[in-house]
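Some notes on the structure that comes next.
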Ligand code: PXP
């Protein structure tokens with residue numbers, strides 16, 4: 001494997017906080033999970049500070065920023081509050097995601113094309129603070145062109161639809177992801193991907209040569225119940241490497 005083909009794994013620890021918050025105490029601790037994930041081979045840690053703080057809290061972000069020795073990727077809505085939190089903690093990366101209070105999870109990509117005027121100053125401020133900005137988008141040429149106009153160095157392609165579909169429809173969505181990854185990379189944008197990935201569906205995404213990082217959370221935390229977090233990360237790492 002050449003160094004350029006290494007596919008990074010970002011482990012999203014949001015749902016460790018979901019379990020913690022179910023009882024309102026401080027167990028299980030998502031920072032402990034993040035440190036364990038890094039020791040098990042995660043290349044980075046991802047956490048989404050949602051506006052309603054349903055899982056990760058402000059205190060978690062402060063501790064992650066202080067304690068992690070691998071890069072922290074902060075997922076954030078495009079709001080002034082989240083921008084000021086990002087500027088305070090200066091994570092390695094910030095991934096701008098759409099957020100609706102009533103959704104169970106991030107249901108689609110951000111409309112980078114339709115929201116250019118709102119996103120442009122935010123992308124600029126984050127970049128000025130040396131935070132690597134990523135936009136979580138649908139695998140769509142229009143959104144990639146918008147990311148380019150915004151000066152975002154990274155896009156994360158939403159794999160949720162690919163994961164939900166089956167058969168020919170899934171194959172068609174995989175082609176959209178493959179084409180989008182190639183278009184972004186041709187334009188000098190680094191490509192990440194994530195949402196809904198599991199041991200069973202990760203290989204075709206990991207095989208897209210332009211994809212440099214996958215962010216995976218819910219499945220890994222769920223699988224940790226059965227085989228432990230370290231083992232679930234090691235198996236995901238192995239599936240990703242085998243597909244490369
Ligand atoms: N990438 C982004 C931008 C996300 O919002 C999420 C979900 O928080 C993920 C990746 C991880 O998705 P999942 O938890 O389904 O693996």
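The values are calculated or read from the model by the stated rules, or taken from the named source; none is laboratory data. This is a predicted model, so every value here is computed, not measured. Ideal geometry is used to build each Cβ from the backbone, glycine not excepted, and the neighbour counts take in all protein chains shown.
Determine, yes or no, whether residue 186 is without any contact (Cβ under 8 Å) to a residue 24 or more places away in the chain and away from the ligand (no atom under 16 Å from the Cβ). Criteria met by residue 186.
Residues in segment 199-218 that are out of contact with any helix residue (DSSP H, G or I) (no Cβ under 7 Å at 6 or more places or on another chain) and touching a residue at least 60 places away in the same chain (Cβ under 8 Å): 209, 212, 213, 215.
Here 165, 119, 126, 157 are screened, and the one residue that is under 19 Å from the mean Cα position of the chain (by Cα) and farther than 22 Å from residue 45 by Cβ is 119. Against the test of being within 15 Å of the ligand (Cβ to nearest atom), modelled with pLDDT of 95 or more and surrounded by 22 or more Cβ atoms within 10 Å (Cβ to Cβ), the options 154, 97 yield a single qualifying residue, 97. Condition check: within 10 Å of the ligand (Cβ to nearest atom), under 30 Å from residue 226 (Cα atoms) and surrounded by fewer than 19 Cβ atoms within 10 Å (Cβ to Cβ). Does residue 198 satisfy that? Taking the combined requirement at face value, the residue satisfies it. Comparison of 81, 75 shows that the only residue that is under 13 Å from the mean Cα position of the chain (by Cα), at pLDDT 95 or above and not in a loop (DSSP other than H, G, I, E, B) is 75. Yes or no: residue 169 more than 18 Å from residue 73 (Cα to Cα), more than 13 Å from the ligand (Cβ to nearest atom) and at pLDDT below 95? Answer is no for this residue.
Restrict the check to segment 215-238 and report whether at least one residue is over 30 Å from residue 20 (Cβ atoms) and within 14 Å of the ligand (Cβ to nearest atom).
Looking only at segment 215-238, we keep the residues that are over 30 Å from residue 20 (Cβ atoms), and these are none.
No.
Regarding segment 42-55, can at least one residue be identified that is farther than 17 Å from residue 216 by Cα, surrounded by 14 or more Cβ atoms within 10 Å (Cβ to Cβ) and in contact with a strand residue (DSSP E or B) (Cβ under 8 Å, 6 or more places away or on another chain)? So far as segment 42-55 goes, no, none of its residues is farther than 17 Å from residue 216 by Cα, surrounded by 14 or more Cβ atoms within 10 Å (Cβ to Cβ) and in contact with a strand residue (DSSP E or B) (Cβ under 8 Å, 6 or more places away or on another chain). Scanning segment 137-146 finds one or more residues that are more than 15 Å from the ligand (Cβ to nearest atom), in contact with a strand residue (DSSP E or B) (Cβ under 7 Å, 6 or more places away or on another chain), outside any loop (DSSP other than H, G, I, E, B) and more than 27 Å from residue 200 (Cα to Cα).
When residue 66 is tested against (1) under 28 Å from residue 145 (Cα atoms); (2) more than 17 Å from the chain's Cα centre (by Cα), exactly one condition is not met: (1).
Here residue 193 does not qualify as buried (at least 18 other Cβ atoms within 10 Å of the Cβ) and over 20 Å from residue 47 (Cα atoms).
Annotation: of all residues in segment 9-41 being within 12 Å of the ligand (Cβ to nearest atom) and assigned to a helix (DSSP H, G or I), the one that is surrounded by the most Cβ atoms within 10 Å (Cβ to Cβ) is 16.
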